[in-house]
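To keep things clear, I will list the structure first and then write my remarks on it.
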Amino acid sequence: MFESKNAGGWALALVALGLFIGLVMRDLIRKEKPEEGSQTIATMVPPRDRNVDDLTELFERVATQCEPFVVTLQPLSTNDSSFPPLHTQGSGVLMSPDGYILTTAGLVREARQVTATLNNKKTFIGEVLGYDALTGVAVIKISASGLKGIRQGNSEDVRLGQWVVTVGNVAVERHTVTAGIISVKGRANTWLAEPEDLLQTDAVINSHNIGGALVDLQGRLVGINTQVNLPEPVAGISYAIPINMAREVMRHIIAEGKFARGALEIQTQDLSATLARGLRLQDTNGVLVTETKVEGAAARAGLQRGDVIIKFREQQTANMLALRELVASTKPGTTVPISILRAGAEMTLQVTVAESQSAMAAPELEPAASPIRSSHKYGLAVNALTPAFLHKRLLPSNTRGVVVADVLAGSEADLAGMRIGDIVQEWEGKSVVSVKDFRAKMSAAQPGQAVVIFVRREQQNLYCVMEIPALNDAAKNAMP
């Protein structure tokens, strides 16, 4: 009896509590209910992100700070007094109070003068002092008073992932600004200026800001925006000439009118393990000479095809890049020691360095048409050289050898790096004079031998090494 009464009391208490809560909620709802005909709209106002605001203000400040030093350039023709433009206008960077401007060689290489329009709308005629095709740097000089130069940085201090800003000109009074990060820093090299020596960024560099400034977030110039023609361009990737490189080139152009590099006037190739084995070398350190220019610097010093350069100016030359940098940085006319290996013996010669000249693109070779053709032993088929072929390729009529007509994929010849159009001139150091001679030399090769083949490819000479199959594989390559 007692338990039943107690349970009933608890039930009434819970009902009363529920009614009380319901009344309270009803009153609250009535208080919040809008007047008839009105609407309530809930809006979410995100809190201000101070970091984003700070970064935005920083970009704005950098752009404002650098705009006065980025000028609009337009090349002028020297054949007409009206000076019609040769190219679309580009940008340049005012480097100093005495009026020196840096830009890219692609903009001015056909002009002797440009119009340079400053941020204050004043226009001057600028003299093109010179340009360097290899680095892509051009220097212009204007005569004006009250100029200031952009604040300059050190491109060696640039870090991967660092924010950078590009500043250029779409037109007078219209600047273009983009931002991104440094994705590749490049090598510390002034003399060669290949794509791997440049600063790489995802900041957009277009036709308007080429020649303009690449700056860090302190407004310091770290590069000159440029354009690089790559075999396979990558979308979203742009390049800039490191300012340390550009300054050095500018210094030479102002003082000498050009940026002179040293040259040995030779063709070379790196040593692979297979090639070193074929040449009976102990290791791959060194650079193999594949051709010397007649009466060139190397030839006059006594260098020969087949020599391996191991030192230049008493510094190791482990590969072609090391040699090229050492030679390019040597003042033309300087005589320096060069150490080589010849037939396994080391010797030192004295070479007077020449001045580098621009190389011309070579035409692509095609296999010669000839009724004489070897079979595909080791995956290689060759034709005889014909007078028509030699004439078409501007080769001397006394050129000897055979031309590669076909290379089977995955064959010994393919693995050796042979290509259709190669002219095979030597087999194991012996001249190849005909298809019959070539077939005889191939047949005499020993199983397991690494055969050194000297070929002419386009306008370059090089060595290939073909591994002759061992005895258990030789049967499949037997001559028919």
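Here is the figure for the stretch 312-327: residues that are in a strand (DSSP E or B) and surrounded by fewer than 18 Cβ atoms within 10 Å (Cβ to Cβ) total 2. The criterion of being modelled with pLDDT of 85 or more and in the same structural domain as residue 298 (by TED's automatic domain parsing) holds for residue 328.
If the condition is being assigned to a helix (DSSP H, G or I) and surrounded by 21 or more Cβ atoms within 10 Å (Cβ to Cβ), then the stretch 63-77 contributes 66, 69. When you scan the stretch 275-292, do you find a residue that is part of a helix (DSSP H, G or I), closer than 15 Å to residue 464 by Cα, at pLDDT below 95 and aliphatic (A, V, I, L, M), even just one? Yes, the stretch 275-292 contains at least one residue that is part of a helix (DSSP H, G or I), closer than 15 Å to residue 464 by Cα, at pLDDT below 95 and aliphatic (A, V, I, L, M).
With respect to the conditions (1) within 27 Å of residue 134 (Cα to Cα); (2) in contact with a Leu (Cβ under 7 Å, 6 or more places away or on another chain); (3) modelled with pLDDT of 90 or more; (4) not in a loop (DSSP other than H, G, I, E, B), residue 349 lacks only one, and its number is (1).
Residues in the stretch 458-480 that are over 16 Å from residue 442 (Cα atoms) and modelled with pLDDT of 80 or more were compared, and the one that is surrounded by the fewest Cβ atoms within 10 Å (Cβ to Cβ) is 460.
Closer than 24 Å to residue 252 by Cα, modelled with pLDDT under 85 and not in a loop (DSSP other than H, G, I, E, B): is that true of residue 92 in this structure? Step through it out loud before you land on a result.
Numbers: closer than 24 Å to residue 252 by Cα: yes; modelled with pLDDT under 85: no; not in a loop (DSSP other than H, G, I, E, B): yes.
In short, no.
Conditions tested, residue by residue: (1) buried (at least 16 other Cβ atoms within 10 Å of the Cβ); (2) touching a residue at least 12 places away in the same chain (Cβ under 8 Å).
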site	(1), (2)
128	yes, yes
142	yes, yes
145	no, no
150	yes, yes
160	no, yes
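The values are calculated or read from the model by the stated rules, or taken from the named source; none is laboratory data. On a predicted model such as this, the values are computed, not experimentally measured, just so you know. For neighbour counting, all protein chains shown are included, and Cβ atoms are generated from backbone atoms with ideal geometry for every residue, glycine included.
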